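All of the numbers you see were taken from the coordinates with simple rules; none came from a lab. None of these values were measured; they are calculated from a predicted model. Note that each Cβ is placed from the backbone with ideal geometry, even for glycine, and that neighbours are counted across all protein chains shown.
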Amino acid sequence: MMCPFCRNGETKVIDSRASQDFVIRRRRECLICERRFTTYEKIEESPLKVIKKDGTRVPFDREKIRAGLEKACYKRPVSESQIEAIVCDVEADVYQNFDREVPSRYVGEKVFDRLRTIDQVAFVRFASVYREFKDVNDFVEELEPMLRANRH
């Protein structure tokens, strides 16, 4: 570590403490000028990228998931805490299963699975945008398994 006062590269660590999340605070002393200074070490995070359908890559953004869910759940009996729980679960799943890149299809399917159990109307709204329904037949195909399950 270079001394900020004399620019010498020889320093020693006097004290280390954990500070905030994954940050280490270190008190250092220069071996030449003997002045002390503080440094902070933070783990370098490589941001997770989402691979879109067209092959482009964008940073993972939990707020995009929230925005999609809020649109799908508009005027439905789905609480903010339920939406937040879905966002948190999907985010945790993605970070647990992927290191650098995740296909957008995976993220969408995870949201899909969670939303299906909470509100079927919101689920169909989300599905219509996510799966790019072209006509009524696409809706019917998506609804048939749900309708069959409700009959039994």
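Brief remarks on what is shown
- Separation of the PHE98 and GLU63 label points, Cα + 7 Å toward Cβ, nm: 1.9 nm
- Whole-number percent relative contact order across the stretch 49-151, with pairs defined as alpha carbons under 8 Å at least 6 apart: 29 percent
- The stretch 121-128 - phi-based ³J(HN,Hα) in whole Hz, Karplus 6.51/-1.76/1.60, Gly and Pro as x: 5, 4, 4, 5, 4, 4, 4, 5
- Added length on full extension, which subtracts the Cα-Cα distance from 0.36 nm per residue, SER79 to CYS33: 10.5 nm
- Inter-probe distance in nm under a simple model that places probes 7 Å from Cα toward Cβ, at CYS6 and LEU48: 4.7 nm
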